[in-house]
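Before any comments, here is the structure.
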Amino acid sequence: MNIVVCIKQVPDQPTIRIDSERMTLIREGVESTINPLDRVALEAGLHLRGRAGGQVTVLSMGPPQSEESLREALAAGADRAILVTDPAFAGSDTLATSHVLARAISRLRPFPDLLLCGMKTIDSDTGHVGPQIAEELGLPQVCGVNEISLEGDSLVVERLSDGFLDTVEVTLPALISVNRDLCPVRSLALGSLETAFSQGNIARWGREELGLSEEEVGPKGSATRVQRLLTPASTRKGELVNGSPRLLVDRLIGTLEALGLLDEEDG
Amino acid sequence: MDKSGLLHGVWVFGDYRNYFQNRVTLQLIAKGRELAETLRTRVTVLLLGEAVHQYAMEYIAHGADIVMVAEHPDLRCYQVESYTNVVARWAEAFKPDILLGGATSFGREFFPRLAKRLKTGLSADCVRLEVDPDTGLLLQTTPAFGGNLLAEVVSSHRRPQMATIHPYVFKELPHKASAVGRVVYPEIEVKANTQVRVLRSRRQQARGGNLEDAQIVIVGGRGLGSREQFKLLFELAELLAGEVGATRPVVRAGWADEERLLGQTGKTVKPKLLISIGTSGALQYTTGINGAETIIAVNRDAHAPIFKMADLGLVGESSAVLPLLLETLRKRI
């Protein structure tokens, strides 16, 4: 089974700095990691390969330093890594991002049997890109999966959706996005990490290699635009109360009442 | 099909499953009304399923002008592909300006696919929606970077302008039995989806409770001191009809399951009220709670960072406050 795992490099600590000109995040100088749910997806992919054979390809779109995350994925056991990177891709929204990634996937030979990704990322938290890749490639999708088993040409997956536990059979090729319950992530042995970092087997594909025009990517290829960034923290009232436990409890209950979360006391 | 332009305006996806608990559609109709009045247009609710027309009157009573219904046996289960086919065709035919949907599990799976098919933008988990008085564009405010920032997003040249919204962000309008609206049944073409087959579907609570949908979330940190103290949070949650969340150190200590973990590597919650007890306020944790409407923090250290993001900070020993709070609530409820 040929599996593609889409991973995104995300800031490890939300140490946020903003490029106020371009209204994007400054990624330089921020510690980075593989998005945790993408790491779970990778683990699931490696596990499936263990049972069904085949190859695991990790694919990431991002600035050149995303290569670190791909090396980490190779160290974890992925067979090959592709970095989709081009200055023209900066400022892509989810519509444009999914377009670039779908194009990269469509160039793979043989076409993969399974696409895996995390259900959402810890930085932008939209969960859009997975289903949008599936749509562009005309593939079925199942999101938020927490169990995968292989049955013939299909996968049987389980996912919790709006209070229902669904068991779903999906025909391959398909896209599956995973949630955190799927499988524990093994920590890497230092040796494997060093080997992966010393080997330079990461393919790099840019806009031209993918046959994309400038209009299809970046801000031009995007439907949405961030017109302003705001800091929300200032809206908190920040009132500090010292006193006896009785006083503190009374204030807490008063707040519950004021929010309409507790019936006001009769009499 | 729509020569009058009746259906151009604001569309709301109608999610009628579990109608009496799931109020997100009603909340979006209320917001849709407000936007439609500013834009001098109408609110249309989309209703897809099998024998679902009875919900149409409910939506009209809660503020919808029009309900667009698609009834077909193959639409009985909420299914991304068949629903995308129907709604995309309608959107192409009637050209709505705005399309809003609830950020439910289904919504998170369905709206991105629909937006992609319509080659339009989508903003996720909006906390504010308003019409820009100068441009008439929908200003979609959405949390970015774990809620550390808010991004004001616009979609200036593609339609519809699409947004998903978490439950309880907006308030529903009261039920008005005398409300008048129109129910329409536009043409549909339904193809059964054979690629994704739901074999079984059974009702189940999430293992971490319904943390992500809870109106009240109570979070305990290491400052609680012991597993026994942490257990008191479950009693508190039961009294307040809330859910219990935990920080990473608490999960690591084994006081709570991983499913209750909030923050960077756990869940993100957006309750009406979050009570954070014995948590210092590390960034890895607070990124998961930024979206709470009101935050009350209890901590013995007046300088704990958690107080910087609390609406109400109570400086005291949780081991004294918590039992007294439980005792006081039990007497009242």
Failed item, numbered, when B:Leu261 is tested on (1) within 13 Å of another protein chain (Cβ to nearest Cβ); (2) surrounded by 22 or more Cβ atoms within 10 Å (Cβ to Cβ); (3) touching a Gly at 6+ places or on another chain (Cβ under 6 Å): (3)
Residue in the stretch B:313-329 that is within 16 Å of A:Ile253 (Cβ to Cβ), at the interface with chain A (Cβ under 10 Å from one of its Cβ atoms) and charged (D, E, K, R) present: yes
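Return yes when B:Ala297 is in contact (Cβ under 8 Å) with a residue 40 or more places away in the chain and aliphatic (A, V, I, L, M) and no when it is not.
Judged against the criteria, B:Ala297 is not a match.
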Restricting the stretch B:264-287 to residues that are within 15 Å of the chain's Cα centre (by Cα) and within 18 Å of A:Gly127 (Cβ to Cβ), the residue that is surrounded by the most Cβ atoms within 10 Å (Cβ to Cβ): B:Lys270
Failed criterion for A:Cys117 (all others in (1) touching a Ser or Thr at 6+ places or on another chain (Cβ under 6 Å); (2) part of a helix (DSSP H, G or I) hold): (2)
Count - residues of the stretch B:17-63 that are part of a loop (DSSP other than H, G, I, E, B), out of contact with any Asp or Glu (no Cβ under 8 Å at 6 or more places or on another chain) and at negative phi: 2
Test: A:Leu74 is in a strand (DSSP E or B) and within 26 Å of B:Gln264 (Cα to Cα): no
Segments classed as strands (runs of 3 or more DSSP E), wholly inside the stretch B:82-191, with at least 2 members that are touching a residue at least 24 places away in the same chain (Cβ under 8 Å), buried (at least 17 other Cβ atoms within 10 Å of the Cβ) and more than 8 Å from chain A (Cβ to nearest Cβ): B:98-102, B:128-131, B:161-165
Residue satisfying condition, being surrounded by 23 or more Cβ atoms within 10 Å (Cβ to Cβ), among the aliphatic types (A, V, I, L, M) and under 25 Å from B:Arg23 (Cα atoms), within set B:Ala246, B:Ala214: B:Ala214
Every residue from the stretch B:192-210 that is part of a loop (DSSP other than H, G, I, E, B) and in contact (Cβ under 8 Å) with a residue 40 or more places away in the chain: B:Ala192, B:Asn193, B:Gln195, B:Ala206, B:Arg207, B:Gly208, B:Gly209
Close pairs from the stretch B:4-29: first buried (at least 19 other Cβ atoms within 10 Å of the Cβ), partner β-branched (Val, Ile, Thr) and modelled with pLDDT under 75, Cβ under 7 Å, at least 6 apart: none
Residue count for the stretch A:236-258, restricted to those that are among the hydroxyl-bearing types (Ser, Thr, Tyr) and surrounded by 14 or more Cβ atoms within 10 Å (Cβ to Cβ): 1
The stretch A:133-174 - residue that is assigned to a helix (DSSP H, G or I) and out of contact with any His (no Cβ under 8 Å at 6 or more places or on another chain) and, of those, farthest from the other protein chains (Cβ to nearest Cβ): A:Leu137
Within the stretch B:234-258, tally of residues that are away from every other protein chain (no Cβ under 13 Å) and touching a residue at least 24 places away in the same chain (Cβ under 8 Å): 12
Test: B:Ile275 is closer than 18 Å to B:Leu232 by Cα, within 7 Å of another protein chain (Cβ to nearest Cβ) and aliphatic (A, V, I, L, M): no
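The values are calculated or read from the model by the stated rules, or taken from the named source; none is laboratory data. All figures in this text were calculated on a predicted structure; none of them were measured in a lab. Positions of Cβ are backbone-derived with ideal geometry, glycine not excepted, and every protein chain shown enters the neighbour counts.
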